[in-house]
Amino acid sequence: MFISFEGVDGSGKSTQAGLLASALREAGFEVIETREPGGTPLGEQVRTMLLHGADMTPWAEAALFAASRAQHVEAVIRPALERGAWVVCDRYVDSSVVYQGVVRGLGAEAVYDLNRVVTRELMPQQTFVLDLDAATSRARQDGELDRIEREDDSFRARVVAAYRDLASRDPERVVVLDASLPVAELAERIRERVLAG
Ligand code: TYD
């Protein structure tokens, strides 16, 4: 089973991905916990370029996220799924569709098509979108901001709206949860949903 977590920066998706992975391990499953951009040595190098490198055009950005993802799918995700492990991934194709496709304006379809090719059509069975308003997202940010986190509130608001829209188009796979709920309650809802599925 392949599960992804999505949401605007500061939504707590990394925390929830970690809690779900621990719960599944306690239930006796092998779990690969991973993230994008990253997840492989090449992916981590690409991550540094994307988040701390030079300015780039939107298509250069989409292509770099896709390059990291291509490596990640073939080297980590697909082999894990083939041997029966669970994969819990912090961001995946939906991040590119939302950030590059909708918010950067490349077109959701065009970015999705690129990603279908590079992943050989591997999509998660279940995706959790942690929904948080733009102001809270910014307020939760600390430390040095990366290239994408430096974008303004209207960028964040468009990310939030694009995730809601995505979920409404694919309600079977994509579940939206209120990221302002207490961490433990949110974790419980996610666990129930996963174990029921
Ligand atoms: P993330 O690792 O979730 O941020 P952090 O750990 O710093 O909170 O993601 C890094 C940034 O990359 C985030 O702003 C979203 C962006 N992103 C895209 O724009 N497209 C993508 O395909 C992915 C995977 C991430």
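The values are calculated or read from the model by the stated rules, or taken from the named source; none is laboratory data. Model, not experiment: these values are computed from the prediction. Quick reminder, even Gly has a Cβ in these numbers, built from the backbone with ideal geometry, and neighbours come from all protein chains shown. Side chains are part of the model used for accessible areas, which takes the heavy atoms of the whole protein and leaves out ligands, DNA and RNA. Shrake-Rupley method; radii C 1.70, N 1.55, O 1.52, S 1.80 Å.
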Item to check | Among residues of the stretch 129-145, those that are out of contact with any Gly (no Cβ under 8 Å at 6 or more places or on another chain) and surrounded by 14 or more Cβ atoms within 10 Å (Cβ to Cβ), counted | outcome: 2
Item to check | Enumeration of residues in the stretch 149-169 that are surrounded by fewer than 16 Cβ atoms within 10 Å (Cβ to Cβ) and either of a type in the set (A, V, I, L, M, F, W, C) or in contact (Cβ under 8 Å) with a residue 40 or more places away in the chain (or both) | outcome: Ala161, Asp165
Checklist entry - From the residues in the stretch 35-52 that are open to solvent by 30 Å² or more (accessible area, probe 1.4 Å) and more than 20 Å from Arg83 (Cα to Cα), which one is farthest from the ligand (Cβ to nearest atom)? => result Pro41
Checklist entry - If you check Val176, Val160, Val118, which single one turns out to be out of contact with any strand residue (DSSP E or B) (no Cβ under 8 Å at 6 or more places or on another chain) and of a type in the set (Val, Ile, Thr)? => result Val118
Item to check | Tally of residues being away from the ligand (no atom under 12 Å from the Cβ) and within 27 Å of Ala54 (Cβ to Cβ) across the stretch 139-157 | outcome: 4
Next on the checklist: Please go through the stretch 53-70 and give me each residue that is within 11 Å of the ligand (Cβ to nearest atom) and more than 17 Å from the chain's Cα centre (by Cα), ordered by number.
Outcome noted: Pro58
Checklist entry - Can you name the residue in the stretch 171-197 that is without any contact (Cβ under 8 Å) to a residue 12 or more places away in the chain and under 22 Å from Ala108 (Cα atoms) and, of all such residues, is most open to solvent (accessible area, probe 1.4 Å)? => result Glu172
Next on the checklist: Suppose the filter is within 15 Å of the ligand (Cβ to nearest atom) and either touching a residue at least 12 places away in the same chain (Cβ under 8 Å) or of a type in the set (A, V, I, L, M, F, W, C) (or both); does Val103 pass it?
Outcome noted: yes
Checklist entry - Across the stretch 47-82, what is the number of residues that are of a type in the set (D, E, K, R), part of a helix (DSSP H, G or I) and farther than 23 Å from Asp113 by Cα? => result 1
Next on the checklist: If I filter the stretch 20-34 for residues that are within 10 Å of the ligand (Cβ to nearest atom), under 11 Å from the mean Cα position of the chain (by Cα) and surrounded by 17 or more Cβ atoms within 10 Å (Cβ to Cβ), do I get at least one hit?
Outcome noted: no
Checklist entry - Within the group Val102, Val118, which residue is among the aliphatic types (A, V, I, L, M), in contact with a helix residue (DSSP H, G or I) (Cβ under 9 Å, 6 or more places away or on another chain), under 21 Å from Ala63 (Cβ atoms) and open to solvent by 70 Å² or more (accessible area, probe 1.4 Å)? => result Val102
Checklist entry - Any residue at all in the stretch 114-134 that is near the ligand (Cβ under 10 Å from one of its atoms), at pLDDT 95 or above and of a type in the set (Lys, Arg)? => result no
Item to check | Exclusive hit being at pLDDT below 95, of a type in the set (S, T, N, Q) and open to solvent by less than 10 Å² (accessible area, probe 1.4 Å), set Ser11, Ser4, Ser68 | outcome: Ser11
Checklist entry - Do we have any residue at all in the stretch 83-98 that's part of a helix (DSSP H, G or I) and more than 14 Å from the chain's Cα centre (by Cα)? => result no
